[in-house]
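Contents: one structure, followed by commentary.
The values are calculated or read from the model by the stated rules, or taken from the named source; none is laboratory data. Quick caveat, the model's predicted, so the values are computed rather than measured. Positions of Cβ are backbone-derived with ideal geometry, glycine not excepted, and every protein chain shown enters the neighbour counts. SASA here: full protein model, heavy atoms, side chains in, ligands and nucleic acids out. Shrake-Rupley method; radii C 1.70, N 1.55, O 1.52, S 1.80 Å.
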Amino acid sequence: GIAFLSDRDNNYAYCMHSSSAVLYRMELDGSGLKRLSANYLSDMAPHVMNNGKIMYCRWEYVDRFQIPCQGLWAQNPDGTGLTHLFGNRLLSPVTISEPKSIPGTTKIITTLTGHNGPICGGIGVVDPSQGAHDIHSVETILGEMVLFERQAQRSDKQMYEFPYPINETFFLVSNTGAIEMSTFDGKD
């Protein structure tokens, strides 16, 4: 099957004049269209994890104020078993975006960005086993995470985006548009 985002249900973000896309699934031939997400705001950046679940960023305001509202969630490919993985109650990083499973691990590489503005920042590794709401579960490995109080003032160390793991040792990343390869310790 294919998981994808669609705004076909005409949902709209509360603070923007644009539609909100949520997670759907269909078979390879286009049949069996099914909405997987019950979210009324946007789902973003879906990715199939090492364990076969679909991970994505979910924008929601349930039980929180408007800024720290995009955490990591996962669910089975049939839409069952929705699970919160990380975030939603931390002020920094404000938003976790573009998540990808790191092969051979249960860790996730992601962009540590702000709620508003461009989706770029530092690159970090999230270890959900360390706690879903614990800042110690996040390690910044390249650049600097976008902090809540400075999300509108990006520095030259907050220009990373689109991390893509190759294996347990290396990943690709965009740095102001240039593609770089890095080790997960950020040293090489």
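Which whole-Hz couplings ³J(HN,Hα) result when phi for each residue of region 170-182 is put into the Karplus expression 6.51 cos²θ - 1.76 cosθ + 1.60, θ = phi - 60°, listed in order with x for Gly and Pro?
These are the phi-based 3J(HN,Hα) values: 10, 9, 9, 7, 8, 10, 6, x, 8, 7, 10, 10, 9 Hz.
If you average the sequence gap of Cα pairs under 8 Å that are 6 or more apart and divide by the length of the chain, what percent do you get for the contact order?
Here the relative contact order equals 13 percent.
Once the dipole of the chain is set up with Lys and Arg at +1 and Asp and Glu at -1 on Cβ about the Cα centre, which of V48, F184, S174 lies farthest towards its positive end?
V48
May I ask for the net charge around G1, where only other residues with Cβ less than 15 Å from the Cβ of G1 are counted and Lys, Arg are +1 while Asp, Glu are -1?
Details: positive: R25, K34, R35, K53; negative: E27, D29, D78.
Counting the neighbours of G1, the net charge comes to +1.
Please state the charge dipole magnitude for the chain, taken about the Cα centre, from unit charges on C-beta atoms (+1 on K and R, -1 on D and E), reported in debye and rounded to the nearest 20.
300 debye
Given the protein chains as shown and a 1.4 Å probe, how many square angstrom of D185 are accessible, to the nearest 10?
Spelled out: D185, probe radius 1.4 Å, area about 90 Å².
Could you tell me what percent of the accessible area of the chain is made up of carbon and sulfur, with a 1.4 Å probe and every protein chain present?
Result for the chain: 54 percent of the exposed heavy-atom area is carbon or sulfur.
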